[in-house]
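The values are calculated or read from the model by the stated rules, or taken from the named source; none is laboratory data. All of these numbers come straight from a predicted model, not from anything done at the bench. Don't worry about glycine lacking a Cβ; one is built from the backbone with ideal geometry, like all the others, and counts go over all protein chains shown. Note: accessible area is taken over every heavy atom of the protein model, side chains too, but ligands, DNA and RNA are not part of it. Shrake-Rupley method; radii C 1.70, N 1.55, O 1.52, S 1.80 Å.
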Amino acid sequence: MHTSSILSIIFLLLFSFCSSKCAFAQGASDESEAQLLAKIDVLKTENANSPIDKLNKLLAIIESCEQKSWLVACLYAYTLKAEVLLASSKINEAEALLPRLMTSANALNEPIILIRLELVDLNIRDSKGLFADITEQHTRLLVKANNIESPRLAGEIYHDVGDSQYQFLDYTGALVSLNKAYESYQLANDLSAVGSVLNTLANLNNTLENTDIALDYLRKALAVSYQLKNKFATSIVLYNMSVSYSLSENLEEARNYMQQAMQMSAELDDEVGVAWAKKELARYDIDSQNWHAALARFNEIEPILMQSGSALSLFETRIGQAQAYLGLNELDLAAKKSEQSRLLLENLKDPTYTIKLGKLDADIAYANNNFQRAFDILAQNYAFADKVRVEEKQKEIEKQLIRFNSALKEKENQALITENKLKNLQIEQQEAQQAAQQRIWWLMIGFSALILVFIGFMLFIQIKNRNHFKAMALNDHLTKAPNRRAILDYAEIRFQESSRTQQPLMVGIIDIDNFKKLNDTHGHDVGDDVLVAFATACKNVIRQYDKFGRYGGEEWLFVFANTTAQDISVIFVRIRDEFNKIIQQRHQNFNYVTFSMGVASYSKDVDHTLQQLINRADKLLYQAKAQGKDQVGF
């Protein structure tokens, strides 16, 4: 009897288990391929899910469609997986899926998927810096966008092409494409995608040094991500806000926003997002000369970024490692990391990275006391930088940007007007009243358009005047060097920093010898040319963490951080040689021009204000003059 009861219980358990498995199988089989495709489409447009959540849900969907051999559903699911991997900056994993998906999409004749896969390919090429024939790919995709009925897919094409044009340095083309993406996403009523376009526009404005406009776009994008409760999008916006504040030299706010971005990425288990945030925090440590902290962060994230496949992030990491090793005087390691960075240059379109690496190589050579090599590298760097300057193109870009910003404001206002118009038309029932209200609204739209044109014109004038007066306020109009106000502001920041941290700080004043006599003998035009030549020599020679500016007349103020008297003597000679070299190029048979310099080192017991430190440097300048000129007084 006891044995029989046990067998009965086992039978009941087995029956219950089999019944539940059969019920589950029945439920799964009831789900059609069309229903699974609908589920994939919903997952694609969901905003609250992080990429990790989407990937986990996709695994179950992929398993289901593979079991049932639903080829189309599998193709859509794997395509979404590649897109999500790209959003997570897992470039290599997305690239591994692409060939098989392209083959399947062609075999199944799925044109929409083929377009999405071409966008995946475009993003992979941008991330890896593979720009060969990329403009042809832009053209093909833009033609397809113009002929697509779906405004959301058209918006995706315009957005991805605009982002690619931005990375290819085609800023005017990027603005046009991003404008169309913004219009398409609004037509599709896709608020999340609108926020993403605002993010890209912010990055473009940061590149063009319009950080105020960039921050305005980012605040709007942040409001969108908060409204949609999209933590992943929020982490990206916080990251970009940190970059904007860093470009505005507000390191405190930059660190604050980057810490928030890193914390949110950690909450989402976004390993690559955390690595990107740590990369920027390490860069801020470099700016603060916190070499050990910076190196620890860079070394931690290097293998993660290598695995992700992003050429730019890996280049910035290795440059940062080299700078940290240089700061720690580990010169062999610095040179090794610099060489590793050089291998990535061919995949980076922006010439500023070449200039940045050249400046680093010059600093390493200088630290190795190889002054001639350092000078040669700086000379090559200066020639290369001069070659890539395109001022006229920059002016045109700025005009396009102003017109775009004005048009964007106009479209927002027109959207509000149209919304109100539709609501009022729905209230009115009679045809006569509808016609009358329609005429009134057209009048209002016309009047509003005139007002918007006027506002746009005034905004253009205001921005133009603001940029003009900002440049006038901080730069000397003759030499284009920082003026008295700019260099004193910078000196005050370094003085306060040294007061708090006791970091070494030296202030120097240079006065061109016999400048009045030179002016009287050769005329003021030649005197002005001498001042311009001196400023150019200083720009070519001094290190990236030293600053100078025109203090008044023929006097110049220099601020040296972490510098010895021996270093300054070397800098003095290099400036003098470069100065006279430039003068000889412009005025042959011109007499050798000298200058004298007084340098004072900060002392907390003596220098309670910046002016006291400058006064001591000024006295030492006069001592150098009294002792025969053409020398440095310490």
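A few notes on this one:
- For His159, the shell of other residues with beta-carbons less than 13 Å away shows a net charge of -4, using +1 for Lys and Arg and -1 for Asp and Glu.
- Pairs from the table (Lys90/Lys279; Lys128/Lys336; Lys359/Lys539; Lys517/Lys539; Lys44/Lys144; Lys44/Lys231) lying more than 19 angstrom apart at Cα are Lys128/Lys336; Lys517/Lys539; Lys44/Lys144.
- Arg574, Arg485, Arg586, Arg616, ranked by accessible area, largest first (probe 1.4 Å): Arg485, Arg586, Arg616, Arg574
- Counted residue by residue at 0.36 nm each, then reduced by the alpha carbon distance between them, the extension gain from Glu33 to Leu191 reaches 54.0 nm.
- Of the residues Asp285, Asp350, the one with the largest accessible area comes first in the ranking Asp350, Asp285, computed with a 1.4 Å probe on protein heavy atoms.
- Sites Ala626 and Leu208 - FRET efficiency at Förster radius 60 Å, r taken between beta-carbons, to 0.05: 0.75
- Here the stretch 284-367 has 52 percent of its accessible surface on carbon and sulfur atoms, given a 1.4 Å probe and all protein chains in place.
- In terms of accessible area, using a 1.4 Å probe and ignoring ligands and nucleic acids, His477, His522 rank largest first as His477, His522.
- The stretch 531-548-the stretch 475-527 distance, computed between alpha-carbon centres (Å): 10
- Measuring only protein heavy atoms, the 1.4 Å probe finds Val224 accessible over about 20 Å².
- Cα centroid separation, the stretch 75-111 to the stretch 267-304 (Å): 30
- Estimated distance in nm for a label pair at Lys44 and Ile445, the labels positioned 7 Å out from Cα along Cα-to-Cβ: 3.2
- Taking 17 Å as the straight-line reach from the Cα of Lys220, the aspartates and glutamates in range (excluding those fewer than 8 positions away in the same chain) are Glu183, Asp190, Asp212, Glu410, Glu412.
- In straight-distance terms, cross-link reach from Lys629 covers every one of the aspartates and glutamates whose alpha-carbon lies under 13 Å from its own, apart from those fewer than eight places away in the same chain; here that gives Asp511, Asp513.
- 12 Å Cα-Cα reach of Lys356 towards aspartates and glutamates, excluding residues that sit fewer than 8 places from it in its own chain: Glu316
- Given a 1.4 Å probe and the protein chains as shown, Lys278 ends up with an accessible area of around 40 Å².
- The stretch 604-634 and the stretch 317-360: distance between their alpha carbon centers, rounded to Å: 37
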